[in-house]
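The values are calculated or read from the model by the stated rules, or taken from the named source; none is laboratory data. Remember, predicted model here, so these are calculated numbers, not experimental data. Here the Cβ is made from the backbone with ideal geometry for all residues, glycine too, and neighbour counts use every protein chain on show. Side chains included, ligands, DNA and RNA excluded: accessible areas come from the protein's heavy atoms. Shrake-Rupley method; radii C 1.70, N 1.55, O 1.52, S 1.80 Å.
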Amino acid sequence: MLFGRNRKNPIAIADKKVVDWTYATCGYCSTGCAIEVGKNSEGKVVASRGVGGADVNRGKLCLKGMYEHELFEATGRGDTPLLRSHIRQDFQPAQWDTALDHMASEIKRIQQAYGRDAFAVVSTGQILTEEFYTLGKLTRGLIGTNNYDGNTTLCMASAVSGYKRSFGSDGPPGCYGDFEHTHCLLAWGSNLPEQHPIIYWRLKEAMEKRKFPLIVVDPRVTMLAQFADIHLPVRPGTDLVLQNALMHVILEEGLEDKDYIEANTSGIEELRAEVAKWDPTTAYKVCGIDEDTIRNVARLYAKAPSAMHIWTMGINQSTHGSDGVVGINNLSLLTGNIGKPGGTALSITGQCNAMGTREWSSCSGLPGYRALENPDHREEIGKFWNVDPGFFPTKRGLFQTDIFPAIETGQIKGMWLVATNPITSMPNTARIRKTLEKLEFLVVQDAYVDMETTQYAHLYLPAAVWAEKEGTFTNTERRVNMVRKVTAPRGDSKSDLDIFNLLAKRFDPGQKVQFPETPAGVFDEMRELSRGRAMDISGMDHDLIEQARGIQWPYTESQRNSDDPPPVGGVRLYTQPGSFHHPDGRAKLIALPFIDNNERPDEQYPFWLNSGRLVEHFHTRTRTGKVGNNNKFSPIPFMEINPDAAATLGIRHQEYVRCVSRRGDAIVMAMLTQRVPRDMVFIPFHFFDCVNRLTLGLLDPHSRQPAFKQSAVRIETIVDQIGAARISRERRTY
Ligand code: SF4
């Protein structure tokens, strides 16, 4: 017999003959898993493995991390700059000097003709922190456009905005270790097992050791909802009503932490007056969660000795995204659940270095959480960079989602995209296509030349990918961790840092402003600028970070001098009264009236359209679409539809259907499942020319983040199934 009694372990794992392992941090999601990448004796990258001594992942990796080493050999990489020929309109290879001279002269031409802000820069959450800092210095200090933002506006802007409104500063106050202390966890619009599998493993392990209730708020029966003790299938876009109702019960029944509120917050009376309107019976009619359940959850949460929230895009990607975050913070503050073990409001970030861009890119202000609106901050950075502070704008410019409409209206004429793919990731992509066609000059800087937005570029710059370069990422729990260089950049591609530095020389030939050439040199500047700031990293350096397998900020120089190794850093924020960042040292309790402003299903478009991620893929599949062991498990776009709804429409499992909104249509394979209610369909957001042909993307008024998850669609059957399959295949072709 093949699998006899003595064959305990029939699966043999091939020996990759690794002779050299290099330390890095995973370059996909914000969990921040420590990873080692192995090379064989020929110097070929052949394996990835989790790092056992790293606190974040404790030796584990998810499907994406396990095959991350395959990225270096994946297809579609760019290895030389490409310049669009004026005569033939096709791309021609160019030398770096030619490409960057042309780029600098086009930026200057546009700025001279139309004003400094007519050239926009949109970056990412994917490059290294040292690169973000350098791009910010170049954009704010030399190019001088104020229309500069990151694609993190599509995922984390509401969390940033909500933290700032409640606590006076960005920065998640808790950590993964809180799972090991909490007595109750509320997860809002967060499907951890698929989106952040290693954080889910940490949570699951904590729940197995010390049983505590898991309450999941999500309109869809996600994988996390299936494991929940209580699932609240809230009506899309109404989380705020549920939050107000929970607070109503807590205050009505006297379950709030009066001492904590008194010592740490302001605004309780305004909040009390607003939530008084949202008794559970009234709330039920709007959010769909019945009165008894609201009361039970409010009591369970408020009576727990410590309780925490996590959330992801289900809260952030909404017209009430920022308010939803403030609502979570309100609940935490009312019950004294901030800054104590197991009591926190932890936003689970999306991209590997979304935190790095928030801290250091200067997108929304100046580096180190400084504000353009603050004259002292302008003065301080101007002096440090050797730039006239009067060169800086006095308030932030447009968000990414407002930059595209400004191209439509002719306010912006040129754009530089760094590691972002708006033709797939932005809502209403038909509109984005037309917008990109209007640009006089578009530069796309990306590791992948086959990234869909490249087809609209006038200049393409090939960038190195992930561990072809060196520097740091900051993860969801504020942990700064190292990526060491595993291998050289492909072909003639360059690290983003080198590209920024080379361009800087074209704007400042006398080199009045210094741009360190090495990542360690850049980190030294950041360290100096961080002293005394919320995100103080003055005690860190690259070697210590690697040695400690990541350090949470703040970690000051005096902590370093007094600590025994290993360094720990700031496990939690706001542990002391008066430590919030508003001028009075208090957190704000903010009243949140609910305004229902989403597109809603109607007779013509009777289904809610929901979108989200799959475990196999990351963002727009520029990477995972080319890694066999990711792509083969999820190769095509599909649509989850409830079997009862499908039966009414005459749709069978795995048939192709046409999904139609007021913006456009998409051909997708129908997957019949009870994960979605009868009035909802769900389509993953990773695929080109798919769900974002349909989305409306109304914007949150505070964060300008789009409501990707609340649009209305109808479903049409397709007679010609072979033709539909062909159209679907063509649409996902790179
Ligand atoms: Fe990478 Fe995130 Fe997976 Fe960890 S959970 S291996 S950081 S993709």
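Scanning the stretch 419-436 for residues that are of a type in the set (Gly, Ala, Ser) and part of a helix (DSSP H, G or I), which turns out farthest from the chain's Cα centre (by Cα)? Per the criteria, the residue is 430. Looking across the stretch 575-612, just one residue is under 22 Å from residue 679 (Cβ atoms) and basic (Lys, Arg), and that is 600. Looking across 665, 602, one residue alone is surrounded by fewer than 19 Cβ atoms within 10 Å (Cβ to Cβ) and closer than 23 Å to residue 730 by Cβ. It is 665.
Being in the same structural domain as residue 192 (by TED's automatic domain parsing) and closer than 23 Å to residue 272 by Cβ is a description that does not apply to residue 310.
For the stretch 206-217, check the following and say yes or no: at least one residue is within 15 Å of the ligand (Cβ to nearest atom) and open to solvent by 10 Å² or more (accessible area, probe 1.4 Å). No: zero hits. Scanning the stretch 115-136 for residues that are part of a helix (DSSP H, G or I) and of a type in the set (Gly, Ala, Ser) yields a count of 2.
Among the residues examined, residue 43 qualifies as more than 16 Å from the ligand (Cβ to nearest atom) and assigned to a loop (DSSP other than H, G, I, E, B).
Scanning the stretch 345-400 for residues that are among the aliphatic types (A, V, I, L, M), assigned to a loop (DSSP other than H, G, I, E, B) and over 30 Å from residue 623 (Cβ atoms) yields 371, 372, 387. Checking 502, 461 one by one, the residue that is over 30 Å from residue 547 (Cβ atoms), touching a helix residue (DSSP H, G or I) at 6+ places or on another chain (Cβ under 9 Å) and not in a helix (DSSP H, G or I) is 461 and no other.
Residues of the stretch 48-57 being surrounded by fewer than 22 Cβ atoms within 10 Å (Cβ to Cβ) and either touching a residue at least 24 places away in the same chain (Cβ under 8 Å) or near the ligand (Cβ under 10 Å from one of its atoms) (or both), which ones? Passing the criteria: 49, 50, 53, 55. The C-beta contact set for the stretch 553-582 (first residue over 23 Å from residue 476 (Cβ atoms) and at pLDDT 90 or above, second residue of a type outside the set (A, V, I, L, M) and outside any loop (DSSP other than H, G, I, E, B), distance under 7 angstrom, 6+ apart or interchain) comprises 577/264; 582/588. Give the residues of the stretch 74-100 that are of a type in the set (D, E, K, R), within 16 Å of residue 494 (Cα to Cα) and surrounded by 12 or more Cβ atoms within 10 Å (Cβ to Cβ), sorted by residue number. Within the stretch 74-100, 77, 79 meet the criteria.
Which residues, counting only those in the stretch 639-662, are crowded, with 19+ Cβ neighbours inside 10 Å and either assigned to a helix (DSSP H, G or I) or outside the structural domain of residue 689 (by TED's automatic domain parsing) (or both)? Hits for the stretch 639-662 are 645, 646. For residue 373, the conditions (1) out of contact with any strand residue (DSSP E or B) (no Cβ under 7 Å at 6 or more places or on another chain); (2) closer than 28 Å to residue 711 by Cα all hold with the exception of (2). Residues considered: 88, 77, 49. Of these, the only one that is over 30 Å from residue 460 (Cβ atoms) and either modelled with pLDDT of 95 or more or of a type in the set (D, E, K, R) (or both) is 49.
When the stretch 101-125 is filtered for residues that are open to solvent by 40 Å² or more (accessible area, probe 1.4 Å) and not aromatic (Phe, Trp, Tyr), the ones remaining, listed by number, are 101, 102, 105, 108, 109, 112, 113, 116, 117.
This table checks each residue for (1) of a type in the set (Ser, Thr, Tyr); (2) assigned to a helix (DSSP H, G or I); (3) open to solvent by 50 Å² or more (accessible area, probe 1.4 Å).
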| position | (1), (2), (3) |
| --- | --- |
| 692 | no, yes, no |
| 697 | no, no, no |
| 702 | no, no, yes |
| 709 | no, no, no |
| 712 | no, no, no |
| 715 | no, no, no |
| 725 | no, yes, no |
| 729 | no, yes, yes |
